[in-house]
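Asker: I have a structure here, written as C-alpha cells, and I will follow up with some questions on it.
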Amino acid sequence: MSVDVDKAIAEIRAKVDGLPGAENKLTMIVFSGDLDKQLAAMIIATGAAAMGMKVVLFFTFWGTAALRAPLKKIGGKTFMGKMFGMMLPKGRNKLKLSQMHMAGMGTAMLKGLMQKKNVASLDQLFDVAGQLAVKIYICEMSMDLMGFKRDEMIDYPELEVCGVATMLAHAKESSVQFFI
Amino acid sequence: MSVDVDKAIAEIRAKVDGLPGAENKLTMIVFSGDLDKQLAAMIIATGAAAMGMKVVLFFTFWGTAALRAPLKKIGGKTFMGKMFGMMLPKGRNKLKLSQMHMAGMGTAMLKGLMQKKNVASLDQLFDVAGQLAVKIYICEMSMDLMGFKRDEMIDYPELEVCGVATMLAHAKESSVQFFI
Amino acid sequence: MSVDVDKAIAEIRAKVDGLPGAENKLTMIVFSGDLDKQLAAMIIATGAAAMGMKVVLFFTFWGTAALRAPLKKIGGKTFMGKMFGMMLPKGRNKLKLSQMHMAGMGTAMLKGLMQKKNVASLDQLFDVAGQLAVKIYICEMSMDLMGFKRDEMIDYPELEVCGVATMLAHAKESSVQFFI
C-alpha cells in the first residue's frame with residue numbers, strides 16, 4: 001500500500017504547486033491614462049506591496065503615456081511618432097481626470113485637496129512603488145504604435161518592455177488581477 | 001513510514017487551506033460612477049450572491065457618490081466638501097450613462113426600457129443585494145477627499161468604511177475579482 | 001491507519017479538484033464598446049488562447065454592438081429597437097476610440113498605424129479567436145434591452161447567448177478574470 005500512498009501524495013503535491021493563482025501576487029493591467037485611474041492603480045499597487053504581495057503592473061495603451069519622463073528629449077522619431085508625442089500627455093503630471101476635468105480646474109482642485117489631506121501624489125506613489133519592488137512592464141506593441149522609445153521613459157528600478165504573453169504568465173500565477 | 005505520510009498529508013492540507021483565491025467569493029472594486037457600470041456591478045454582485053458566492057463590494061472614487069442618500073442633509077462641511085457635494089451626483093438615481101447620455105434623454109430612455117422589460121433598477125438591485133448579504137465597503141480615502149461623511153450615506157444592512165488593505169485582503173481570498 | 005490515510009488523500013484530492021480558479025482559463029467581461037478597449041480585449045484573448053489557456057468572453061452592454069454583423073438586416077424590431085439600432089455602432093468596424101477620436105481623425109490615424117506596423121485589426125483578431133476556439137457569449141439582458149436579435153450578430157464558430165450566471169460559473173473556475 002505504501003507505494004500507492006506515496007504516489008498519491010506526490011501527485012496531489014504537484015497539483016497544488018502547479019495551481020494557477022497560487023501565488024500571493026497581484027497583476028494589474030494599467031490601460032487608462034486618466035489621472036484618477038492611475039492614482040487608483042498606484043494606490044492598490046503600493047498597498048498590496050506593503051502587505052507583502054508581489055506586484056506586477058503592465059502599462060498599455062493610454063497608460064503608457066504616464067511613464068514618459070517629462071524632460072527627456074528623443075530624436076529620430078517618425079512624423080507619426082512626433083504627432084503622438086505631442087498629442088499624448090508627457091508624463092504622469094500631465095494626466096487629466098476622466099470626469100470633472102473642467103478645463104484643468106477640477107484636476108487642479110483634486111491635486112490641491114490631495115496635498116492638503118496628505119494623500120500621496122503620483123510622484124510619491126511611484127517612488128514608494130520602486131522602493132517596494134513593484135515591477136513595471138510597458139507594453140511593447142503600444143510603444144511601437146505610439147512611437148515611444150524606451151529612452152524617453154522614466155527612470156524606475158524595475159522597468160521592462162514586454163508583450164502580452166509575459167503579462168498573462170504573471171496574471172495566471174496571481175491570486176488577484178485587475179484591468180484598470 | 002506512517003509518520004511521514006501523516007506529515008505530508010498535513011502539509012498538503014494546510015497548503016490547500018491557505019491557497020489564495022480558494023474561497024467561493026467575489027470581490028469587486030466599484031470605481032465608476034456611471035449608471036451603466038453601476039448597473040453592471042450590481043447585476044454581477046446580486047447574481048453571484050444568488051449563486052451562493054460571498055460578495056464584497058468596495059466603492060471608491062466616483063463610485064462613492066452612488067452611495068449618497070438623496071435626502072440626508074449634513075452640516076459642518078468645509079467649503080471644498082460643499083463644492084464636491086454639489087458637483088457630484090447625489091445618490092444612485094442621479095447617475096448618468098457613460099455614453100449616449102444626450103442631455104438626459106439617453107439615460108431616461110434606458111431607464112424607461114429597463115422598466116418595460118422588467119429589468120431591475122438600481123434601487124431594486126441594492127435592496128436585493130442587502131437581502132443577499134452582499135457586503136459594501138466605502139473607500140475611506142475617497143470619502144475624505146470628497147468631503148463625504150458617513151452620515152450622508154444610504155441605509156444599508158452591511159455598510160462599512162475601510163481602506164485599500166481591507167479590500168485587498170478580501171480580493172486575495174476570492175476566486176473572482178473585478179475592477180469596474 | 002491505512003483507511004485514514006486513504007480517506008485523507010481522497011479528501012484533499014477532492015478539495016484540490018474543486019478549488020475555484022483551478023483551471024488554466026481566462027474569463028473576460030467585455031463591457032466597453034470603445035475601439036481601444038475592444039482591441040485590448042481581443043489581443044489578450046488571442047494571446048491567452050495561443051498560450052494554451054481556455055478563453056471565455058462575455059460581451060455585455062456597449063460591448064455587444066461590436067458583435068453586430070454590418071450587412072445583416074433584421075425585420076420585426078420595435079420602435080425602440082430601431083432607435084438603438086441606429087444610434088449604436090453597427091459592428092466592430094464602426095467603433096471609435098475612447099479618447100482622441102477627434103471626429104474620426106484619431107481613430108483613422110490609429111487604424112492606419114496598426115496596418116503599417118502589422119498589428120492585427122479587429123477583423124483579424126476575431127478570425128484568430130475563432131480558430132483558437134475562444135468562446136464568445138453575448139449577454140441576454142443587454143440584447144433584450146437594446147433590441148438586438150441573435151440573427152443580426154456576426155457568424156462566429158462559438159457564439160452563444162447567456163445570462164450573468166453562466167459567465168460567473170466560468171469566472172470562478174478561471175485563474176484569470178478581467179472586466180474591460
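The values are calculated or read from the model by the stated rules, or taken from the named source; none is laboratory data. Since the model is a prediction, treat every value here as computed from it, not as a measurement. Cβ sites come from the backbone with ideal geometry, for glycine too, and all protein chains shown count toward neighbours.
Asker: Taking into account only those residues within the range C:113-127 that are within 13 Å of another protein chain (Cβ to nearest Cβ) and either at pLDDT below 85 or assigned to a helix (DSSP H, G or I) (or both), which is surrounded by the most Cβ atoms within 10 Å (Cβ to Cβ)?
Answerer: Going through the range C:113-127, the residues within 13 Å of another protein chain (Cβ to nearest Cβ) turn out to be C:113-121, C:125.
Those still in the list that are either at pLDDT below 85 or assigned to a helix (DSSP H, G or I) (or both) too: C:113-116, C:125.
Values: C:Leu113: 19, C:Met114: 17, C:Gln115: 11, C:Lys116: 11, C:Leu125: 21.
Looking at the filtered set, the residue picked out is C:Leu125.
Asker: With (1) within 13 Å of the chain's Cα centre (by Cα); (2) buried (at least 18 other Cβ atoms within 10 Å of the Cβ) as the list, and A:Leu110 as the residue in question, which single condition is left unmet?
Answerer: Of the numbered conditions (1) within 13 Å of the chain's Cα centre (by Cα); (2) buried (at least 18 other Cβ atoms within 10 Å of the Cβ), the odd one out for A:Leu110 is (1).
Asker: Now for a different question. Return yes or no: is A:Ile29 under 27 Å from A:Met143 (Cβ atoms) and touching a strand residue (DSSP E or B) at 6+ places or on another chain (Cβ under 8 Å)? Spell out the reasoning first.
Answerer: On the way: under 27 Å from A:Met143 (Cβ atoms): yes; touching a strand residue (DSSP E or B) at 6+ places or on another chain (Cβ under 8 Å): yes.
Yes: the conditions hold for A:Ile29.
Asker: Can you tell me which residues in the range B:138-148 are in contact with a helix residue (DSSP H, G or I) (Cβ under 8 Å, 6 or more places away or on another chain) and either within 14 Å of chain A (Cβ to nearest Cβ) or surrounded by fewer than 18 Cβ atoms within 10 Å (Cβ to Cβ) (or both)?
Answerer: The initial filter retains those residues of the range B:138-148 that are in contact with a helix residue (DSSP H, G or I) (Cβ under 8 Å, 6 or more places away or on another chain), namely B:138-139, B:141-143, B:145-148.
Scanning the range B:138-148 gives B:Cys139, B:Met141, B:Ser142, B:Met143, B:Leu145, B:Met146, B:Gly147, B:Phe148.
Asker: Same structure, new question: Looking at the range C:1-93, what helices (runs of 4 or more DSSP H) fall wholly within it and have at least 1 residues that are away from chain B (no Cβ under 13 Å), free of Cβ contacts under 8 Å to residues at least 40 places away in the same chain and buried (at least 16 other Cβ atoms within 10 Å of the Cβ)?
Answerer: Values: elements: C:2-17, C:35-50, C:79-87.
Of the helices (runs of 4 or more DSSP H) lying wholly inside the range C:1-93, those with at least 1 residues that are away from chain B (no Cβ under 13 Å), free of Cβ contacts under 8 Å to residues at least 40 places away in the same chain and buried (at least 16 other Cβ atoms within 10 Å of the Cβ) span C:35-50.
Asker: Specify which of the listed residues (C:Lys135, C:Lys172, C:Lys96) is closer than 30 Å to B:Lys172 by Cα, within 13 Å of another protein chain (Cβ to nearest Cβ) and not aliphatic (A, V, I, L, M).
Answerer: Values: C:Lys135 fails: within 13 Å of another protein chain (Cβ to nearest Cβ); C:Lys96 fails: closer than 30 Å to B:Lys172 by Cα.
None of the others qualify; the one that does is C:Lys172.
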